[in-house]
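A.B. asks: Below is a structure I'd like to ask you about.
The values are calculated or read from the model by the stated rules, or taken from the named source; none is laboratory data. None of these values were measured; they are calculated from a predicted model. Cβ: placed from backbone, ideal geometry, glycine included. Neighbour counts: every protein chain shown.
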Amino acid sequence: SDFFNRAAPKTQAYIIFQLLETLSHLQEHYVIHSDFRGANILVVGSNGGDIDAVRIGLADFGFAKDLCHHTMIYDRRTLVSFKKEMNQSYLPPELQLASFSRTNNAWHYCHGMDLWSCGLTILELYAGNYGITEKIKSEKRQAESEEAVSRAIRGLRNAMPASVQEICRILLSYKSEDRNLHQAKQLAGELCWPDVVRGGEDQAEEARRFLSNEPRSTDLRKLLKFKFISESCVSHT
């Protein structure tokens, strides 16, 4: 958080973009990290003005889940164990409320859990502390949760760009299916490389398609083929 707050706005945006790219990479390989939070984010690089100078890594895959083989939980004991494995402060609403009944005898888990944790992490990076998200973490009902998210974002509106506010709203949607990683990643990409919006129409459209593609690891060398990105946004030698 200290490193993030000292970074230039463009570098902050690029850190967020890399976090979302990391989640895209996990989705591509059918993996849920299950413990996505600031303490498990590794930062390598300098705090210079070059956005390409900072690299983000994700650590601690001890609780990661493989979606290739399992996506459902069928008994109460396994569900309780699953909840305990995850960091309790970052449980999404659907996991806080998960239970079994006569009409509900299975529980499905998916990538939306990591997206929720990422949204909380981004808020905490801008806040510089963990207190701002405590209310969000404690709310289980939809109306209260949505109000807590809006209140936390409003509290950071002077420090957080409008695009990042929208990213947080997307990632902290109450329903897991409403957390749209592709949309959030595109907003972050356009914040890093604003000329994607302002550049020539043909190049801008091609760059937008690149930024909104299905999850994959982004190769910045491919972005450099867009002349306006190469000249304006990325220092490349």
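A.B. asks: Which of (1) among the charged types (D, E, K, R); (2) modelled with pLDDT under 85; (3) part of a loop (DSSP other than H, G, I, E, B) does Asp60 not meet, given it meets every other one?
C.D. replies: Failing condition for Asp60: (2).
A.B. asks: Would you please name the residue that is farthest from Phe17 (Cα to Cα), looking only at residues in region 161-184 that are under 15 Å from the mean Cα position of the chain (by Cα) and of a type in the set (A, V, I, L, M, F, W, C)?
C.D. replies: Across region 161-184, the extreme among qualifying residues is Leu172.
A.B. asks: OK, next. Can you pull out every residue in region 170-197 that is under 21 Å from Leu91 (Cα atoms), part of a helix (DSSP H, G or I), without any contact (Cβ under 8 Å) to a residue 60 or more places away in the chain and touching a helix residue (DSSP H, G or I) at 6+ places or on another chain (Cβ under 7 Å)?
C.D. replies: Scanning region 170-197 gives Ile170, Leu171.
A.B. asks: Can Leu123 be described as under 11 Å from the mean Cα position of the chain (by Cα), closer than 22 Å to Asp2 by Cβ and in a helix (DSSP H, G or I)?
C.D. replies: When the stated conditions are applied, Leu123 passes them.
A.B. asks: Only one of (1) surrounded by fewer than 11 Cβ atoms within 10 Å (Cβ to Cβ); (2) at pLDDT 70 or above fails for His69. Which number is that?
C.D. replies: Among (1) surrounded by fewer than 11 Cβ atoms within 10 Å (Cβ to Cβ); (2) at pLDDT 70 or above, His69 violates only (2).
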